[in-house]
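Enquirer: Got a structure for you, questions after.
Here, each number is a calculation from the coordinates, and none is a lab measurement. Keep in mind the model is a prediction, meaning the values are calculated, not measured. Cβ atoms come from the backbone with ideal geometry, glycine included; neighbour counts cover every protein chain shown.
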Amino acid sequence: MLTTGIKGNSERIVTEELTARAMGSGELPVLATPAAVALAEETAWRSVAPYLEPGQGTVGTQLQFEHISATPVGMKVRCETELIEIDRRKLTFSVAAYDEAGLVLKGKHCRFIVENEKFLEKAEKKAEDAGC
C-alpha cells in the first residue's frame, strides 16, 4: 500500500560520463547537476514502484533542488528519498544526496502516478498530430 514514509536509497560512483564536462552542463570534471537530479528521480520512482497497481508508473513533474557541493570523479554519491506527501496521484518526495564528505544535494521532487499504456498512447498521439 502506498503510504507516506516510504524511503529509497541508491548509490553511484561518479564517472567521467556523469561529469558536467561530459553532460554539457559545465566545463569541470565534477558530478553534473543533471546527473545528480537523474539519480534523485530514479531513487524516488524505484522506491514507490513496488506499491503501485499493475500497469501503473510514475512520471516526474517538478524538481526543486539545491546542488550544494562538488563531487569529483571516483567518489561515491548516495541518494536518499522519502515520500512525504500523497495528494491523490501527486507524490512529493524529500531528497538528499551525500558523498563521502557530506551533503551535496537537497530538495523536493514531485511525481504523478500514471497508467503507463494510456500515458504512452497520449504521448504517441501528440507526436503523430505534430507530424513527427
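Enquirer: Considering only DSSP states other than H, G, I, E and B, which GluC sites (Glu not before Pro) in segment 1-89 qualify as loop sites with at most 16 other Cβ atoms within 10 Å?
Expert: Loop-located and lightly packed - E27.
Enquirer: Would you mind checking the radius of gyration and Dmax of segment 1-97 based on alpha-carbon positions, in Å?
Expert: Answer for segment 1-97, Rg first and Dmax second: 14.5, 44 Å.
Enquirer: With an 8 Å cut-off on Cα pairs and a minimum separation of 6 or more residues, tell me the relative contact order of the chain in percent.
Expert: Relative contact order, the chain: 27 percent.
Enquirer: With a cut-off of at most 15 other beta carbons within 10 Å, and DSSP calling the residue loop, which trypsin sites (Lys or Arg not before Pro) in segment 53-132 qualify? Please list them.
Expert: Working: sites: K76, R78, R88, R89, K90, K106, K108, R111, K118, K122, K125, K126; in loops: R88, R89.
Loop-located and lightly packed - R88, R89.
Enquirer: Quick check of the Kirkwood formula: for segment 78-132, what is the inverse mean of 1/r over all pairs of different Cα atoms, in Å?
Expert: Averaging 1/r across every pair of different Cα atoms and inverting gives 13.8 Å.
Enquirer: Please identify, among L120, L105, L63, the residue showing maximal mean-square fluctuation in a Gaussian network model of the chain using a 10 angstrom Cα cutoff.
Expert: Largest GNM mean-square fluctuation: L120.
Enquirer: Counting pairs on different chains as well as pairs 8 or more places apart, how many Lys pairs in the chain have Cα atoms under 17 Å apart? Show your work: numbers first, answer last.
Expert: Details: K7/K90; K7/K106; K7/K108; K76/K106; K90/K108; K118/K126.
Value for the chain: 6.
Enquirer: What is the sum of charges around K125, taking Lys and Arg as +1, Asp and Glu as -1, for the other residues whose C-beta is under 15 Å from the C-beta of K125?
Expert: -3
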